[in-house]
Structure formats: structure tokens, C-alpha cells
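Some notes on the structure that comes next.
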Amino acid sequence: MKPLYRKWALCITLALLLSYAHGQLTVEVGEHFRQESLDRQVQLLEDATKRLTLWDVAHRTFRPQKDPSINVGFSNSFYWVKFKLHNPDAQAKELLLEIENPHINKLRLFTLAGNRWHVSMLTGDHFPYSQRIIEHPHFLFPITVRGHQSITGYLWVDKHGEQIQIPLRLWDKAYFNSHSYQLYLVAGFMIGIGSLYCVACFLALLFFRQRIILYYFFYLSSIWLFMIAHTGFGFALLWSESTWWTSVARPATALLIYLSSYLFIQDFFNLRQTRPYLYWYTNVLLALLTIALVTFGLESPALGLFENYWYNPHYYSGESLLQFMILIHILYAICITSVPFICLYIFVKTREPEGLWAAFGFMMILFSATNITFVHAGYLPDNYITQNIPLASTIIDAIILSVLIANRFKNIFLQNAQISAELAEQRQRNAIRLLEGQVIERSRLSQELHDGISLTLANIRLRLSLLSEKLNGHQPEAEQLVEALGDVGQDVRQFSHALSPVLLERYGLVGALEELIEDVRSSHPELTLSLQAESIRSEEIPPLVNQTIYQVALELLNNATKHAHASQITVALKQTDNKLMLIVSDDGLGYDVAEKSAGIGLQNVTARIQLLNGQLTVHRLPKGMEHVVDIPVQIKLFS
């Protein structure tokens, strides 16, 4: 058995060696071909000198591509990608070669069929979008393979001084045209959600005018710019002629994301007051991010500060840019890992769930950045999934932080509402205590008037009447003085009752209202007055409510007799489980509720009713007016 195993092992070893020696499979593009990734079916050639001609390239030895994707990492060289196609059918095949990385500086495709070369237009993101052979966020090169023909393709790629990825996919042209919507579907959906979030955040900024929302809007806008730059839609739709911004859009917007995230957490967690050491640490990172961002901005052709712009491959060797981009990526790594760990640290110290949720949200950005870094380093393939992971992660991050901010504002609103309710309750308690004090003081004054001045006036009137009987010839004048003194006594008595009706203490609310009706009836015999009292439980009604109902009834009766010229007045008093209702209606002249402003007396009555959580409602009747007073019987603020 051992010789047989040795033969099989030798055959497998020879097969692997031959595969490595040839290193390339010819792609069959027959009638049933639809699409295929070319990442494992190509060969690579590095041009470190940047001077190789097409003749040199055609006669050089390419190395086979064995990795899951064509990713050479950071490099300062040009690269050539070689592939072979064969059409086994008699009918010509229309194909499209797609480079799924929209951030390659320069590209050109050379195809060799027999002895004839075909050279494509020079394209890349260092050229206007209109210079692309087919207008699409990715780079597309049309290839025609005639029947029973084999061709060899050489793709020249220049992205020296940066990280180089060349994901290749070959499509049947008709199949691509019917399935290219997949790119627009996912990326467009994610970008659309990001746009809605930016608009909603901008409206919230205009409404609330809070600094935390400004920083969050800055953060969302930076994410949105990164998304459209990362997918190539920004160059295709927004800045198709701005080749400088196309080159710096992704690193610059990444810097903006990190910068705005630090501003956000500084304000959200109030680091300046609560964690000064974290505040200064974030300020150092903010300064480094600002310096890097200004460095990108100074290279703008609009400023005209440099004659040879670093982004143009004709004018730089690439070494300085390569070192600069490596430093930028190190800064990225420090910044993106610091944000979630700061949030976790705050959660550990405070045990507030906001810190944990913020850390989870920023972890999505860390996950997105890790995915991009691993793709750049070649640990992950550059394919449809890894291209859309950053989009999905940023959307999840935006959702989490939006909910977090909404919850923060909800808590602030509830706290403010609670404080406002407590202040309103305290004001109402103070006002009611003031009213209770007024009731006590009125009762004292009423008692003094009733027991003091009223008795004194009655005594004087009695003595004056006795004296008038002894006067000869002046009896009529004396009788007038006695009557005037009686009127004064009656006024003092009415004033005493107005201050604090003694009848309320003696007979309760219903008895006091009956006496009030009798007084009005005696003063205005032409009036028809009636009182209806239903299910009144006087022992349940607090004194202040009794006093208020009596004052309201007195004010409304005075208005009806003096101003309304009514002939009939009806007073109704009703009590439900927790409400006391007074209804006063008349058939007088009435007034327009919407136009006529209430008098001082009615305004004071309304204010006192509202202090007791009551309500005064006025209705215009076909003839006359109806005033309805609702006051809760049990007021929790009573002492």
C-alpha cells in the first residue's frame, strides 16, 4: 500500500507545481457564460520602476494570483494584471470587465487577439467622470471575443503611494445590464436612509437649537459623505469634475467622522466637568485630526498653494504620500478604538446605560473600520459583502445614536415637566394658603364688624330714636337721621356678610345661599328667584370651597340684578362624587362672550375658581345668560 500512497502524493505534488508554474486558467466565455470573479484566474506583475512598456510587460513573467482577492496592500509601484479568455462558440461574445473598486487612480486595458492589440481609453478617479468608457460608479471595460477566438488581457493599474485592491469580475454584457440594479439597490437604500436621518437631524437642530444636535448633525453628515464617497456614487452624481476631492473624499470624511464623534461624546457626557482627563485626551486627538484634515485641505487646487499636487501621479514619487497615508491609518486606529472604550469606561464608572449604548453604537463604526482595514490588508476579500458592511454598520450606528439622543431629550423633557408641575403645585399651594389666610382674616373682620360696629350703630340708632321723641318741632329731621343710621347699619351688615358670611358657619352652604336669595328678593321684589339644591353633603365640602361658591353666587346675582335687568333668576347647586356644580341662569339682556371682557369682579371670581382646579363656563341663551361653575370637592392641597 505504501508505494501506491507515494505515487498519489507524487501526482498531487506535480499537479500543484504545474498549477503554480502556469498560474492561470483560461476563462471560457461560451454561450452559457453569465458572470465570474477573476480574482483567482489572473497573474500579477509589479512595476517598481514605473517605466515598463507594453512590449516589456508582454515578455515578462507574471506571478500567479492565489489569494481570495487581488490585494497587494500599501505599495509604491504600478501593477499589471494578466488574464486569458476563450470563446468556444461560433457566435461573438460581448463582455464587460468590472473593477469593483471605484477608487483607483489610473486604469487602462490592453487586449491582444492574435497579433492585434486593442488599447482602451485612459480612465480612473484622477480624471473627470465623463472620461469613463461606460458611466458607472465602478470601472467597466467592454471586451468583444469573436467566435472560436482567444484573447489575452493586460490591465494596467496605478494607485502607487496608497493601498491597492483590484477586485475583477467578468460579465456577459446583457446579463450585467439586467442585474446591475443590485449595486444601486443596496447602496441606494443605505444612502437613502442616511439622507433621511440627516434631514431629520437638521430639522431637529432648527427646532431645538442644541449644541449636541449640531455635533450629531455634523457626525451624520460626515457618515453620509463617506458612504457616497465609498460607493463611488459621490463622484458619479455630485462631484463628477472634482478629481481632487474624489481622491481625498474617503480619508477626509473619515477624519470628519472621528472629529465629530469626539465633539459629540465631549458634550454628551459633559467630559469637561465630569472627566477632565478624558476631556484633555480627546482634545489632543481633536488637534491631531484637525492637523491631518487641514493637510488634506491645503492640497486643494482652488487654493493654489502647490504647483505639483500630491494626488497627481505624474508629479510625485509616492514615498512621502505612502508614509503620510500610513500615519493617517495609525491615527485612524487610535481614534476609532478610543471612542467606544471611552463610552465603556464611563458606563463602568457611572453604571448609566447611556454609556453602554453609546459604546455599542460606536462599536459599529469600529467594526466598519476594521472591515475596511482587513480588506486593505488582504485578510478579507473585496467583494459585494465586504463592500456593503461599512454601509450597514454606519446605518446601525446612526439608529442607535438617534435613539440615544431621543431618549436623552425625552428624559430632559420629563424632568422639566416634573419640575414645572412641582413649581405649579407649589404656586397653587401658596395661593390657596393665601386664600385660607384671607378667609381667616375676613372672618375676623366680619366678626368685629358684626359684634362691634353693627351693635354700636344699633345702639346709637335706638338712643337717637328715643331722643327724637323728646324733640319738639324737629322730629322729622331726627327720624331721617334714624333712617340714615339704619341704612348705614344695613350696609355694614351686608359688608360683614360679604367678607365672611356668618350663615356659612351656622347653616352651611345651602342655608347661606337661601338667605342670600331672600336678601336679594327683599331688595328686588320685582324679581322671581329660585334655588334648587340636590344631594348636597355639606360635611364633605371644605370651607374654602364653600366660601368660593358663595362669593361666586353673590357676584353673579349682583351682575344679573344691576346690569342684566333680568326678571327671573335661577340658582342650582348640585354635587356629584367629587364635583360641586353651581349654575346661575337669568333671562336678562345678556352679552357676547367672545367680545365683551369680563369685569374685575368676574375676573377675580374666575381666578379663584381656577386656583381650586375649577372651571367657569359661560353660555349665551336665547334670552339671557347661563354661568356654570365646576369645582372639585376634595382638593389635595388643602392643609
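When residues in the stretch 604-620 are screened for being in a helix (DSSP H, G or I) and loosely packed, with under 13 Cβ neighbours inside 10 Å, 1 of them pass. Total residues in the stretch 223-251 satisfying the condition of being surrounded by fewer than 21 Cβ atoms within 10 Å (Cβ to Cβ) and among the small types (Gly, Ala, Ser): the figure is 3. The residues in the stretch 332-357 that are of a type in the set (D, E, K, R) and either outside any loop (DSSP other than H, G, I, E, B) or surrounded by 13 or more Cβ atoms within 10 Å (Cβ to Cβ) (or both) can be counted, and the count is 2.
Taken over the stretch 383-423, residues that are closer than 21 Å to residue 191 by Cα and polar (S, T, N, Q) amount to 7. The test for being in a helix (DSSP H, G or I), out of contact with any helix residue (DSSP H, G or I) (no Cβ under 7 Å at 6 or more places or on another chain), among the β-branched types (Val, Ile, Thr) and open to solvent by 70 Å² or more (accessible area, probe 1.4 Å) does not hold for residue 396. Only residues that are closer than 19 Å to residue 252 by Cα, without any contact (Cβ under 8 Å) to a residue 40 or more places away in the chain and over 18 Å from the mean Cα position of the chain (by Cα) were counted across the stretch 186-237, and they come to 5.
Set side by side, the residues 289, 321 differ, and just one is modelled with pLDDT of 60 or more, buried (at least 16 other Cβ atoms within 10 Å of the Cβ) and more than 14 Å from residue 247 (Cα to Cα), which is 289. Take residue 389 and decide whether it is free of Cβ contacts under 8 Å to residues at least 24 places away in the same chain and in contact with a Pro (Cβ under 8 Å, 6 or more places away or on another chain). So residue 389 does not fit the description; no.
Only residues that are free of Cβ contacts under 8 Å to residues at least 24 places away in the same chain and either under 17 Å from residue 433 (Cα atoms) or hydrophobic (A, V, I, L, M, F, W, C) (or both) were counted in the stretch 617-636, giving 1.
Scoring residue 148 on the criteria (1) modelled with pLDDT of 90 or more; (2) touching a Leu at 6+ places or on another chain (Cβ under 8 Å); (3) more than 18 Å from residue 37 (Cα to Cα) leaves a single failure, condition (2).
Scanning the stretch 113-120 turns up one or more residues that are exposed (fewer than 15 other Cβ atoms within 10 Å of the Cβ), among the β-branched types (Val, Ile, Thr), within 22 Å of residue 53 (Cβ to Cβ) and touching a strand residue (DSSP E or B) at 6+ places or on another chain (Cβ under 7 Å). A residue that is more than 47 Å from the chain's Cα centre (by Cα), open to solvent by 70 Å² or more (accessible area, probe 1.4 Å) and of a type outside the set (Gly, Ala, Ser) can be found somewhere in the stretch 90-101.
Between 248, 284, the distinction of being of a type in the set (A, V, I, L, M), in contact (Cβ under 8 Å) with a residue 60 or more places away in the chain and assigned to a helix (DSSP H, G or I) belongs to 248 only. Quick one: in the stretch 490-520, which of the residues that are open to solvent by less than 60 Å² (accessible area, probe 1.4 Å) and among the polar types (S, T, N, Q) is modelled with the highest pLDDT? Only one residue tops the list, namely 496.
Residue 167 meets the conditions (1) touching a helix residue (DSSP H, G or I) at 6+ places or on another chain (Cβ under 8 Å); (2) open to solvent by less than 20 Å² (accessible area, probe 1.4 Å); (3) modelled with pLDDT under 90; (4) not aliphatic (A, V, I, L, M) in every case but one. The failed one is (1). Selection over the stretch 127-173 of residues that are part of a loop (DSSP other than H, G, I, E, B) and in contact (Cβ under 8 Å) with a residue 40 or more places away in the chain gives a count of 15.
Out of 346, 395, 372, 400, one residue alone is touching a residue at least 40 places away in the same chain (Cβ under 8 Å) and closer than 26 Å to residue 101 by Cβ. It is 395.
Of everything in the stretch 358-385 that's open to solvent by 70 Å² or more (accessible area, probe 1.4 Å) and under 24 Å from the mean Cα position of the chain (by Cα), which residue is nearest to residue 165 (Cα to Cα)?
Result: 367.
May I ask you to list the residues in the stretch 520-556 that are farther than 13 Å from residue 584 by Cα, of a type outside the set (Lys, Arg) and either in contact with a His (Cβ under 9 Å, 6 or more places away or on another chain) or assigned to a helix (DSSP H, G or I) (or both)? Residues satisfying the conditions are 520, 522, 523, 538, 539, 540, 543, 544, 545, 546, 547, 548.
Answer yes or no: is there a residue in the stretch 42-50 that is open to solvent by 70 Å² or more (accessible area, probe 1.4 Å) and modelled with pLDDT of 90 or more. Checked against the condition, which is being open to solvent by 70 Å² or more (accessible area, probe 1.4 Å) and modelled with pLDDT of 90 or more, the stretch 42-50 yields at least one hit.
Within the stretch 51-77, the residues that satisfy the criterion of being in a strand (DSSP E or B) and surrounded by 15 or more Cβ atoms within 10 Å (Cβ to Cβ) are 64, 71, 72, 74, 75. Look at residue 133 and say whether it is over 27 Å from residue 329 (Cα atoms), among the hydrophobic types (A, V, I, L, M, F, W, C) and surrounded by fewer than 17 Cβ atoms within 10 Å (Cβ to Cβ). Against the criterion (over 27 Å from residue 329 (Cα atoms), among the hydrophobic types (A, V, I, L, M, F, W, C) and surrounded by fewer than 17 Cβ atoms within 10 Å (Cβ to Cβ)), residue 133 qualifies.
The values are calculated or read from the model by the stated rules, or taken from the named source; none is laboratory data. A quick note: this is a predicted structure, and the numbers were derived from the prediction, not measured. Quick reminder, even Gly has a Cβ in these numbers, built from the backbone with ideal geometry, and neighbours come from all protein chains shown. These area figures cover heavy atoms from the full protein model, side chains too; ligands, DNA and RNA do not enter into them. Shrake-Rupley method; radii C 1.70, N 1.55, O 1.52, S 1.80 Å.
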